[in-house]
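The values are calculated or read from the model by the stated rules, or taken from the named source; none is laboratory data. Quick caveat, the model's predicted, so the values are computed rather than measured. Quick reminder, even Gly has a Cβ in these numbers, built from the backbone with ideal geometry, and neighbours come from all protein chains shown. Surface accessibility is based on the protein's heavy atoms, side chains included, excluding ligands, DNA and RNA. Shrake-Rupley method; radii C 1.70, N 1.55, O 1.52, S 1.80 Å.
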Amino acid sequence: MVAASFGSAHAADLGVANQFNAFIFGSATTLGGHSDGAIAVGGAWNNSYESNQHNLGANLPGKNNIGILTGGALTAGSNAKVFAGSNAYLGGSVSGSLQMLGGGAVVNSSTSSIFSAQQAYSAAQSAAIRDASKQAIVIGDPNNINLNVSTNNLNGNRRTYEVQASQLSSLSTFNISGMTAADTLIIDVVGTSVNWGWQVNATYKDKILWNFKDATSILVQQRNFDGAILAPLANIDQRNNIQGSVIANTWNTTGAPELHFGNQFQFTGDAYEPVPEPATMAVLALGLGAVARRRRKA
């Protein structure tokens with residue numbers, strides 16, 4: 001299983017993770033909250049969380065209507081629920097009581113190659129965004145930041161910008177104008193620590209991608225987060241709602257924050273295609289070889 005092929009001519013999405021409300025490579029501790037869509041956690045998951053409330057399950061070869069996908073041990077707390085008759089594909093051990101609402105199945109299934117391939121894809125995609133030509137977001141009035149994306153033609157309809165992580169902590173209103181349905185707004189955030197404080201006003205939030213290549217910690221507490229998060233190295237400390245896809249290394253929730261997905265928030269833009277490193281190519285080759293062997297046996 002591979003996340004997606006590199007170097008394809010079509011518009012680039014976020015790989016396999018594009019189908020998931022959250023795709024986490026390492027561990028997660030979610031002791032409250034719910035997601036609209038499917039959740040994937042590659043490491044140990046301490047889970048008291050309501051997953052896939054809006055029947056937005058993911059589909060992979062041999063795995064259909066996924067509500068949750070795990071690679072490590074799952075500790076199911078009192079509120080660990082999988083909604084909408086979606087299925088739980090579990091690659092590790094399970095303790096506690098996982099509530100399957102609507103008749104979904106619990107399936108023991110190998111998942112490690114899915115997580116390793118997506119992690120390689122996301123890291124390469126994040127690096128490709130960092131290497132792209134960008135305009136700086138100019139902070140004039142710190143309370144109201146206005147960005148007309150139609151003036152940025154460096155990369156065609158990929159309207160690509162750069163901002164420092166430290167600037168995101170102020171309680172600012174971020175007003176986006178000049179954006180059409182054909183555009184993708186990509187914002188590359190430079191810095192290792194993020195304390196999110198912006199309120200995003202935009203018509204097409206499903207076409208906004210925030211790239212946190214350097215970030216190791218992202219706190220979402222002061223305001224809702226709008227747009228897709230690509231943060232391959234980061235821990236997401238979620239205490240407020242995130243309206244979009246989340247790709248991260250680890251994830252924790254405090255209180256009962258929500259993950260929103262679907263027509264308004266699932267990423268539908270054109271991200272940069274990853275440029276694979278040799279090690280990434282080796283991972284992909286192994287994945288493709290495994291797929292070919294399964295097909296021959298079938």
Could you list, in sequence order, the residues of segment 168-202 that are over 12 Å from Asn146 (Cα atoms) and of a type in the set (Ser, Thr, Tyr)? Ser169, Ser170, Thr180, Thr184, Thr192, Ser193
Restricting to strands (runs of 3 or more DSSP E) lying wholly in segment 211-282: which have 2 or more residues that are in contact (Cβ under 8 Å) with a residue 60 or more places away in the chain and under 16 Å from the mean Cα position of the chain (by Cα)? 228-238, 246-253, 258-260
Of the candidates Leu101, Leu90, the one satisfying the condition of being aliphatic (A, V, I, L, M), over 28 Å from Trp210 (Cβ atoms) and open to solvent by 20 Å² or more (accessible area, probe 1.4 Å) is Leu101
Could you pull out the residue among Ala3, Ala76, Ala9 that is at pLDDT below 95 and farther than 22 Å from Ile247 by Cβ? Ala9
I'd like to check something: does segment 168-186 contain any residue that is hydroxyl-bearing (Ser, Thr, Tyr), touching a residue at least 60 places away in the same chain (Cβ under 8 Å), within 16 Å of Thr203 (Cβ to Cβ) and assigned to a strand (DSSP E or B)? yes
Here the residues within segment 122-155 that are loosely packed, with under 12 Cβ neighbours inside 10 Å and in a loop (DSSP other than H, G, I, E, B) are Ser133, Val138, Gly140, Asp141, Pro142, Asn143, Asn153
Within the set of pairs 6 or more residues apart or between chains, which connect a residue that is touching a residue at least 12 places away in the same chain (Cβ under 8 Å) inside segment 52-78 to a residue that is assigned to a strand (DSSP E or B) and open to solvent by 80 Å² or more (accessible area, probe 1.4 Å) with Cβ atoms less than 9 Å apart? Gly57/Asn64; Ala58/Asn64; Asn65/Asn59; Ile66/Asn59
Every residue from segment 173-199 that is under 17 Å from Ile218 (Cα atoms) and open to solvent by less than 50 Å² (accessible area, probe 1.4 Å): Ile187, Asp188, Val189, Val190, Gly191, Val194, Trp196, Gly197, Trp198
Would you call Gln238 polar (S, T, N, Q) and within 20 Å of Ser193 (Cα to Cα)? yes
